[in-house]
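These notes concern the structure reproduced below.
The values are calculated or read from the model by the stated rules, or taken from the named source; none is laboratory data. Model, not experiment: these values are computed from the prediction. We place every Cβ from the backbone using ideal geometry, glycine too, and count neighbours over all the protein chains shown. To get the accessible areas, we keep the full protein, side chains included, count just its heavy atoms, and leave off ligands, DNA and RNA. Shrake-Rupley method; radii C 1.70, N 1.55, O 1.52, S 1.80 Å.
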Amino acid sequence: MSLAYLMVAVSIRSFQAIEKKDWDILQDVHYFPQSFGNMMNAVPVMCFAFVCHLQICEVATELNPNSRLLRRSKSRADILVDGMYHSLQANESTSLLGGQIASTRVRKTMSKVVVLALSICGLFYGTIGLVAYLASPDKWIDTSDVLQGYGVNDTLMEVGRLALVLNIICSYPINLGPCRSAIMDVLQKIFKHKLNDKVLAAAVSVCLVVGSIATGLALKTLGVVFKIIGGTVGAVLIFMFPGRMLTSKAESKCSKDYLIGLILEIFGVTLLVCTTISYFTG
């Protein structure tokens with residue numbers, strides 16, 4: 001709901017600005033980056049969006065194999081599969097086959113979830129970015145947060161800021177879970193699983209929350225966070241690691257998987273280096 005409100009609010013303000021320009025929406029529009037710095041302000045932020053897919057692993061792990069994205073009447077094939085799945089669950093000797101059926105169901109459901117989530121995010125965020133840029137292309141050169149482009153006395157956008165804050169507060173625990181689990185796994189491995197899980201989970205949670213608050217108070221713009229995480233963590237997790245996995249499992253260096261993996265690795269390394277250079281050179 002908060003994202004829908006932001007899309008409507010930004011669209012209203014953008015169309016008002018476009019109307020003042022006599023609907024000349026192509027005025028001052030830049031179709032290509034004007035400099036290396038402008039390009040590196042955009043590409044890492046785009047990569048940052050892909051980092052959020054890490055939550056899919058936890059969702060898929062905890063997903064009930066019998067759950068469906070949309071409720072619908074079961075076909076005869078679904079009824080047969082349900083009967084086979086439950087009968088296999090009751091028989092320990094065929095638990096492996098039952099696990100394969102459950103895994104197949106989860107993959108199908110998660111595929112629908114991914115497509116729906118990408119469609120919704122693409123529609124809402126794409127609309128916000130497009131109309132805001134067409135309304136005032138030069139305004140966003142040095143502004144990373146679209147809400148910072150509007151005054152604090154704008155009631156319509158102030159409500160949007162409040163909606164965004166509520167959205168972030170509600171989504172914070174979702175992002176906290178995978179981060180805490182990853183840190184706990186690393187610490188347990190370092191200390192050879194001698195740490196108490198409950199105490200460690202509480203300590204890591206407190207440190208993450210305090211660190212998040214301190215970081216939020218220290219930074220004046222979200223663009224720095226998006227740029228650094230997208231250009232470093234995003235480059236490693238989204239491009240370099242998958243590329244390395246493809247090249248290591250490829251049958252030959254001339255295979256399709258090897259070439260795709262090599263391209264991902266090269267792009268990831270290039271993005272990491274360029275983001276680092278851009279950050280330190282201003």
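What do you reckon, is L208 farther than 18 Å from M46 by Cα and either at pLDDT below 85 or of a type outside the set (K, R) (or both)?
yes
Where residues in the stretch 1-56 are closer than 30 Å to V269 by Cβ and of a type in the set (G, A, S), which of them is surrounded by the fewest Cβ atoms within 10 Å (Cβ to Cβ)?
Within the stretch 1-56, the match that is surrounded by the fewest Cβ atoms within 10 Å (Cβ to Cβ) is S35.
Which ones in the stretch 224-282 are small (G, A, S), surrounded by fewer than 15 Cβ atoms within 10 Å (Cβ to Cβ) and part of a helix (DSSP H, G or I)?
Passing the criteria: only S248.
Of these, T221, T247, T270, T232, which one is polar (S, T, N, Q) and under 24 Å from V186 (Cβ atoms)?
T232
Give all pairs with beta carbons closer than 7 Å in which a residue from the stretch 264-278 that is hydroxyl-bearing (S, T, Y) meets a residue that is open to solvent by less than 50 Å² (accessible area, probe 1.4 Å) and part of a helix (DSSP H, G or I); count only pairs at least 6 apart in sequence or on separate chains.
T275/M40; T275/P44; T275/K227; T275/G231; S278/G37; S278/M40
Report every pair of residues separated by at least 6 positions or lying on different chains whose Cβ atoms are under 8 Å apart, first residue within the stretch 165-193 and closer than 20 Å to I213 by Cβ, second open to solvent by 80 Å² or more (accessible area, probe 1.4 Å) and in a helix (DSSP H, G or I).
Here the result reads P178/C57, each pair linking the stretch 165-193 to a residue that is open to solvent by 80 Å² or more (accessible area, probe 1.4 Å) and in a helix (DSSP H, G or I).
Conditions: (1) modelled with pLDDT of 75 or more; (2) within 17 Å of G129 (Cβ to Cβ). D24 meets all but one. Number of the miss?
Here D24 clears every test but (2).
Inspect the stretch 209-221 for any residue being assigned to a helix (DSSP H, G or I) and surrounded by 15 or more Cβ atoms within 10 Å (Cβ to Cβ) and give the result as yes or no.
Checked against the condition, which is being assigned to a helix (DSSP H, G or I) and surrounded by 15 or more Cβ atoms within 10 Å (Cβ to Cβ), the stretch 209-221 yields no hits at all.
So in the stretch 131-145, with the set limited to residues that are part of a helix (DSSP H, G or I) and open to solvent by less than 40 Å² (accessible area, probe 1.4 Å), which one is farthest from F15 (Cα to Cα)?
Among those residues, the one meeting the criterion is P137.
Y150: among the aromatic types (F, W, Y), open to solvent by 60 Å² or more (accessible area, probe 1.4 Å) and in contact with a helix residue (DSSP H, G or I) (Cβ under 8 Å, 6 or more places away or on another chain), yes or no?
No: the conditions fail for Y150.
Could you pull out the residue among I174, I128 that is modelled with pLDDT of 85 or more, β-branched (V, I, T) and in a helix (DSSP H, G or I)?
That would be I128, the only listed residue that is modelled with pLDDT of 85 or more, β-branched (V, I, T) and in a helix (DSSP H, G or I).
All but one of (1) at pLDDT below 75; (2) open to solvent by less than 70 Å² (accessible area, probe 1.4 Å); (3) out of contact with any Ser or Thr (no Cβ under 6 Å at 6 or more places or on another chain); (4) among the hydrophobic types (A, V, I, L, M, F, W, C) hold for V59; state the number of the condition that does not hold.
Failing condition for V59: (2).
List the pairs whose first member sits in the stretch 1-20 and is part of a helix (DSSP H, G or I), whose second member is among the aromatic types (F, W, Y), and whose Cβ atoms are under 6 Å apart, counting only residues at least 6 apart or on separate chains?
Taking only residues 6 or more apart or on different chains, the pairs are L3/F124; M7/F124.
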